[in-house]
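See structure below.
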Amino acid sequence: MYPAQFEYHKASTVKEALDLLGKYKDEAKLLAGGHSLLPAMKFRLAQPKHLIDIGKVSGLAGIKEDGGTLVIGAMTTHHDIEASALLKSKCPLLPEVAGHIGDPMVRNMGTIGGSLAHADPAADWPAAAIALGAEMVAEGPKGKRTIKADDFFKGLLTTALADDEILTEIRVQAGGANVKSAYAKFPHPASRFAVVGVAAVLTMDGGKIAKASIGITGAGTKATRAKGVEAAIAGKAADAASIQAAAEKGADGVDVQADLQGSEEYKKHLLKVFSKRAIEAAAAKK
Amino acid sequence: MKKSVSITINGVKHTHEVEPRLLLVHFIRELAGLTGTHVGCDTSQCGACTIHLNGQAVKSCTMLAVQADGAQIKTIEGMATDGKLHPIQDAFWEKHGLQCGFCTPGMIMSAAQLLERYPKPSEDQIRHQLEGNLCRCTGYHNIVKAIQYAAEKMAGK
Amino acid sequence: MATAKLLGASVKRREDPRFMTGKGNYTDDLKLPGMTYAAFVRSPHAHARIGKIDTAKAAAYPGVVAVYTGKDMTGVNSLPCGWDLRKDKNIPGVVQDLVMVPHMPLSSDVARHVGDPVAVVIADSQDAALDAAELVSVQWEPLSSVTATDRATQSGAAQVHAGAPGNVAFKWELGGGDLDAAFKSADVVVKKRIVNQRLVANAMEPRACVARFEDSTGELTLWVTSQNPHVHRLLMCAFVLGIPEHKVRVIAPDVGGGFGSKIFLYNEEVVCSWATRKIKRPIRWTATRREAYLTDAQGRDHVTDAAMAMSKDGKILGFHVKTTANLGAYLSTFAPAVPTFLYGTLLNGVYVMGAIKCEVTGVFTNTTAVDAYRGAGRPEACYVIERMIDVAAAALKMDPADVRKKNFIPKFSGAYQTHVAVSYDSGDYAKAFDRLLQMFDYKKFRAEQTEARKKGRYLGVGFSTYIEACSIAPSKLVGALGAGAGLYESGKVRVHPTGGVTVYTGSHSHGQGHETTFAQLVADGLQIPMDQVEVVHGDTGLIPFGMGTYGSRSASVGGTALHMSVDKIKEKGKKIAAHLLEASASDIEYVGGQFQVRGAPGKAVPFGAVALTAYVPHNYPEGLEPGLEETSFYDPSNFCFPFGAHACVVEIDPDTGHVDIVRYIAVDDVGNVINPMIVDGMVHGGIAQGVAQALWEGAVYDDQSGQLVTGSLMDYAIPKADMLPMYETDRTETPTPVNPLGVKGAGETGTIASTPAVMNAVVDALAGFGVDHIETMPLTPERVWMTLQAAKSKK
């Protein structure tokens, strides 16, 4: 349970980190909270020759509001998101999802940026990022760029981030009074990763769901948008029958992976169940 | 290339030249000689390695010693003060919250954070906040009782 | 001096202060001057021929002290299997002799399971050992493998051992009564397949050892995570390494849980003990959790076809059980006993049965070896019985509680001879069940269940009225059954001149709290304050030969050995006191901590004075040796049979199949209780493990590759705090006549009882859909949901 040898570099600014990434290229990995990377390194499944620790880079952690946009530093821990009064009032889905991640100790170290950049197919943040239409801000040698959540998750453990880029911020729009959200998760009993996880953000119009934005994680090789469910529920009343009917589309577009937790049939069924539960829970919020 | 790392553990500074790959838990156990923090797994599940880093409960097996350079750490050995047991330790003793003792240091460190964040925790909250600490001996019943008892004592009842 | 009654008191544990403050002494905590570190090279294949092993690069790696393979270990024998099953030894029930296959500490010809060690690298640091181990290159020739229990004997299956054709390790049977007549005369016969899945013990402390050879004296000290250090020493010295026992000291310091997995002699401590003599430096090895998954002896793994013959009014006429038991790739130390004498002999349960027959085939597969795991054979037996009782009740359209009550053996003390060799000690099974039904309002629950169903909620209750055999065991009896060891226990009580007492017990505490309970026992017997008694365990250098802690035997067998020594101390004390008091020894009684003349309490001498006199024997009986210490070896005359009744209430989420434990109630009879708080703790922990088998745990081997797919805590779900409820527990107390303490044993009852309680509850919740059985555990949400879907589509 010892990683292979590597060189360790501590960056104090984003520029320093980018310079090191540029220097060591694919021999280097960024070390954020370390709770995805270090477990892999302990099994020697990952053996980077260079680790660039961005844990002490100034300005990468923190939560603030900028107009109607909430700006979350990539190095903000899951715990800080879970405990954030600002987010509880302006974007409650984020603290709700944070509380589902790992366990309290993992949440003290793991970061939202690290999780999103790692893109574990069963992680919770990707579903929330899609549902919130989050924008990921990345910085590279050529400057900053913004990547929409829908374009961010490319495949198994693969994102749109280039190897020489660092994710620096996650930006989400603060929800109005008519925006309600919920996260429904069916956790693996051992790892507590999502066997299925559905994040739903509903824009309400009276008793109707004017628009639904739904992100799904867990069952496929990457997080996806539940376009079928969204289309089916748009404009419908938030009643049991409508939600049930829309949720039937929960497995559409997901490349369901069978494993010890379930066959394809069962997981597809779970996707429907948890789509329903996420929408119901969101609609029921005050 | 080795790095010089200084970590203050229970108020005492420990400085060593270490390979970057040295895990924090091994720094604590092998270099600082504090063997109360245990290694129980290799997938960051069990929590036997839980310590406090700058006031927060952290799994020391999932950190490199170099990441903790300059940090303040408290381990189980630092919970009792001047020979007087911490109320949580007292509570575990009173309520038979341990059998083989191997998970206990991590469990107590985790409980300390739990009670700091939730001074009046419900049974559900306690069980949920202990997700990161595995015990194979007690079935958790008495651990929950110990934490409930500690909460009462620490609230001054 | 009057002392508070200690027996039956919930005294706080002595062990706790060091554990709570991080001052425990676990094997991996040990640091010795000059210590080296071992890393093992293991087979990545389930089955492979071992070709050339190139160790040159590893040996040249900086910091490496030595690299060894199996070929280097000349003169070293196989790890022994300590339980034989042979017809020519008149061992009862043997149909086909056990094939004693070899199990070398480092395999050199064939690797037979993933994780099978083939080389060891010893280096100055753990890092160097691990780095260098990766440089050892082995020419593997992968072979086809077999892992599934019910495929091991099929023609065409890979052969695990040349000496065991068809992978049959043994065939055995046990029974009594006229089974054919029972089934012929039955009104209803129910038949089911029952799979008791493979489990991984997962004690929180991984296995570890430190071996130190002292060249100047020729002494070897081995610290090892063992439940039985003397057994480790005997097996290693006499059978494997051929070194004299008196030159070896085995110390089991604080051990972080065992549950059976730390009973056995393993490759790693043997290799380290051998290698330290070569390099003349201490060697430490600690398992990673992954290594623990691959090499710790695993548990259970039976595939059973059971048939129960019933009369129409619910009487059990006959019970026929056919089991295939997977032993893994090698014979672990006690493996053959678990699916035979610890299993078949419990199939009578708490019921009057007309006839029983049990047939067991043990098989080899390319998996980790299987041996005792909490309950060891008795959970497997209880599961089969309690599941079949419910199946029979459903077929008869009778209430499962009523079927149990109809068949309970009526209250007895002294002996109840079963059809399966054993004679129970004492029991009142109806009383435990009645107590359970006082704690659990069954009628009210059935009404609630019906109402809930109307609202689409599925609640269920499962009962488990169990019995088990523990306090192992009478030596002659187990010897006749094939044991290579006695199963007595040692207990030495040493009184010091100034009146303090040190207790040396052959039992070993790895969570059971013997430092507390045995102090209670001895202090109570000697009528002195508890803090005057110190308990020492785990060191062969200090303690007379003991058999260790497992099989819920420590309080009953270890405790009785101490009780005998306490009695001997009192008898000798009386002689000394008689001399001091100028009376006759037969007139002396021991009351309130002093030796006094019967009828003349004023003529008395306190314990302390007698102790001092024993060591300063100036005014002393003629012919009596000085000193005041006594050693006893207690060989029990029978097993003890704890019993009880558990109930589990579950709710099933019909959309996901997720099972929630709503309530868990346990009534146990463990005979007399030394420390109620500690016994409660044992029950809690036992329940957690049994519930876990029903709902979450299961070691899964891939059929094709033989890889252990559930090889970490990320995949194999041991329970977390948020998966279990508070347990409601109570006791009845039916003292056993087997030992003077009246103690039966409590360490495994929770695990034995709980698995069927949970399974029966889930089936009960789904009974309305026509479900009467689910073959396989664990009841993952998927399994429950698929069962429900299948049942619904039949309607």
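The values are calculated or read from the model by the stated rules, or taken from the named source; none is laboratory data. A quick note: this is a predicted structure, and the numbers were derived from the prediction, not measured. So basically every Cβ, Gly included, is an ideal-geometry build from the backbone, and we count neighbours across all protein chains shown. Surface accessibility is based on the protein's heavy atoms, side chains included, excluding ligands, DNA and RNA. Shrake-Rupley method; radii C 1.70, N 1.55, O 1.52, S 1.80 Å.
In square angstrom, what is the accessible area per residue of region B:1-149 with a 1.4 angstrom probe?
Values: 4470 Å² over 149 residues.
Solvent-accessible surface per residue comes out at 30 Å².
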>> Taking θ = phi - 60°, what integer Hz values does the Karplus form 6.51 cos²θ - 1.76 cosθ + 1.60 yield along region A:239-246, in sequence order, with x for Gly and Pro?
In response: 9, 4, 5, 5, 5, 4, 4, 5
> So, with a 1.4 angstrom probe, what is the percent of accessible area on region C:497-555 that is carbon and sulfur?
Replying inline: 52 percent
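Please give the charge dipole size of chain A, origin at the Cα centre, charges +1 on K and R Cβ atoms and -1 on D and E Cβ atoms. Round to the nearest 20 debye. Working shown, then result.
Values: 36 positive and 32 negative charges, 83 e Å.
Result for chain A is approximately 400 debye, rounded to the nearest 20.
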>> Can you give me the orientation-averaged projected area of the convex hull built on the Cα atoms of region C:692-795, in nm²?
In response: 10.7 nm²
>> Under 22 Å between alpha carbons, and skipping anything fewer than 8 positions from C:K87 in its own chain: which lysines qualify?
In response: C:K171, C:K322, C:K357, C:K476
>> If amide hydrogens are placed 1.01 Å from N in the peptide plane, which non-local residues have theirs closer than 5 Å to the one on C:G644?
In response: C:Y466, C:D669
>> Quick check: the distance between the Cα centres of region C:472-542 and region A:183-209, to the nearest angstrom?
In response: 56 Å
>> What is the sum of charges, Lys and Arg at +1 and Asp and Glu at -1, for the other residues whose Cβ falls under 10 Å from the Cβ of B:E17?
In response: +1
> Can you give me the Cα centroid spacing of region C:80-114 and region C:382-449 in angstrom?
Replying inline: 38 Å
> Extension gain A:E27-A:A231, at 0.36 nm per residue separation less the Cα-Cα distance, in nm?
Replying inline: 69.1 nm
>> Restricting the calculation to Cα positions, tell me the Rg (one decimal) and the Dmax (whole number) of region A:133-286 in Å.
In response: 16.4, 52
> Just in region C:347-401: which GluC sites (Glu not before Pro) are loop by DSSP and have at most 13 other Cβ atoms within 10 Å?
Replying inline: none
> Among the lysines, which fall within straight-line cross-link reach of C:K570, defined as a Cα-Cα distance under 22 Å, with same-chain neighbours fewer than 8 residues apart omitted?
Replying inline: C:K5, C:K492, C:K603
> Which of the GluC sites (Glu not before Pro) found in region C:256-354 are in a DSSP loop and have at most 16 neighbouring Cβ atoms, other than their own, within 10 Å?
Replying inline: none
>> If the reach is capped at under 20 angstrom between alpha carbons, list the aspartates and glutamates near C:K315, excluding any in the same chain fewer than eight residues apart.
In response: C:D178, C:D180, C:D187, C:E386, C:D390, C:D399, C:D402, C:D428, C:D434, C:D772
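Mind checking A:37-45 for the average number of partner chain beta-carbons within 10 Å of each residue's beta-carbon?
On the way: counts 1, 9, 8, 0, 3, 9, 5, 3, 0.
Taking the mean over all residues of the peptide, I get 4.
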> Could you give the semi-axes, largest first, of the ellipsoid that matches chain C, computed as the square roots of 5 times the alpha carbon gyration tensor eigenvalues and rounded to whole Å?
Replying inline: 42, 38, 23
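Go through C:K795, A:K64 and list them by solvent-accessible area, largest first, probe radius 1.4 Å. Intermediate results must be reported in sequence, preceding the final value.
Numbers: C:K795 160, A:K64 115 Å².
Descending accessible area places them as C:K795, A:K64.
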>> As a test of the definition: with a 1.4 Å probe, what buried accessible area, both sides summed, do you compute for C against B, in Å² to the nearest 100?
In response: 4400 Å²
> Rounded, prolate or oblate: which one fits the protein assembly as shown, using the alpha carbon gyration tensor with axes a ≥ b ≥ c (rounded when a/c is under 1.5, else prolate when a/b beats b/c, else oblate)?
Replying inline: prolate
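Give A:K180/C:K794; A:K276/C:K397; A:K10/A:K154; A:K15/B:K3 a once-over and call out the pairs whose C-alpha atoms are over 31 Å from each other.
Details: A:K180/C:K794 41 Å; A:K276/C:K397 38 Å; A:K10/A:K154 29 Å; A:K15/B:K3 22 Å.
With Cα atoms farther than 31 Å apart: A:K180/C:K794; A:K276/C:K397.
What part of the accessible area of chain B, given as a whole %, is carbon or sulfur when the probe is 1.4 angstrom? Present the calculation step by step, with values, prior to reporting the outcome.
On the way: 2410 of 5070 Å².
C and S fraction of accessible area: 48 percent.
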> Could you give the distance between the Cα centres of region B:68-116 and region A:267-286, to the whole Å?
Replying inline: 40 Å
>> I want to verify the translational diffusion coefficient of region A:68-144 in µm²/s; compute it with Stokes-Einstein, Rh as the Kirkwood radius over Cα pairs, at 4 °C and 1.567 mPa s.
In response: 101 µm²/s
> Any residues in region B:38-54 that have 40 Å² or more less accessible area with all protein chains than in their chain alone, probe 1.4 Å, and which are they?
Replying inline: B:G40, B:D42, B:T43, B:Q45
> What accessible area per residue comes out for chain C, rounded to a whole number of Å², with a 1.4 Å probe?
Replying inline: 32 Å²
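Beyond a 25 Å Cα-Cα separation, which of these cross-linked pairs lie in this structure: A:K56/A:K185; B:K13/B:K84; C:K23/C:K744; A:K25/A:K227; C:K406/C:K444? Before the final figure, lay out the partial values.
Numbers: A:K56/A:K185 32 Å; B:K13/B:K84 22 Å; C:K23/C:K744 33 Å; A:K25/A:K227 37 Å; C:K406/C:K444 22 Å.
Distance filter (> 25 Å) returns A:K56/A:K185; C:K23/C:K744; A:K25/A:K227.
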>> With n ≥ 4 as the cut-off for DSSP H runs, can you work out [θ] at 222 nm for the protein assembly as shown, using -39500 (n - 2.57) per run divided by the number of residues, rounded to the nearest 500?
In response: -8000 deg cm²/dmol
> Hey, if you put +1 on the Cβ of every Lys and Arg and -1 on every Asp and Glu Cβ in chain C, which of C:G314, C:T613, C:G499 ends up farthest toward the positive end of that dipole?
Replying inline: C:G314
> What is the average number of partner chain Cβ atoms found within 10 Å of a Cβ in C:202-208?
Replying inline: 6
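Could you work out, residue by residue across B:56-66, how many beta carbons of other chains sit within 10 Å of that residue's beta carbon, and then give the average as an integer?
Values: counts 7, 7, 7, 8, 1, 4, 12, 7, 9, 0, 7.
Mean shielding by partner chains, rounded to a whole number: 6.
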> Can you work out ³J(HN,Hα) from phi for every residue in region B:19-32, in order, using Karplus 6.51 cos²θ - 1.76 cosθ + 1.60 and θ = phi - 60°, giving whole Hz and x for Gly and Pro?
Replying inline: 5, x, 7, 5, 6, 4, 5, 6, 4, 5, 6, 8, 8, 7
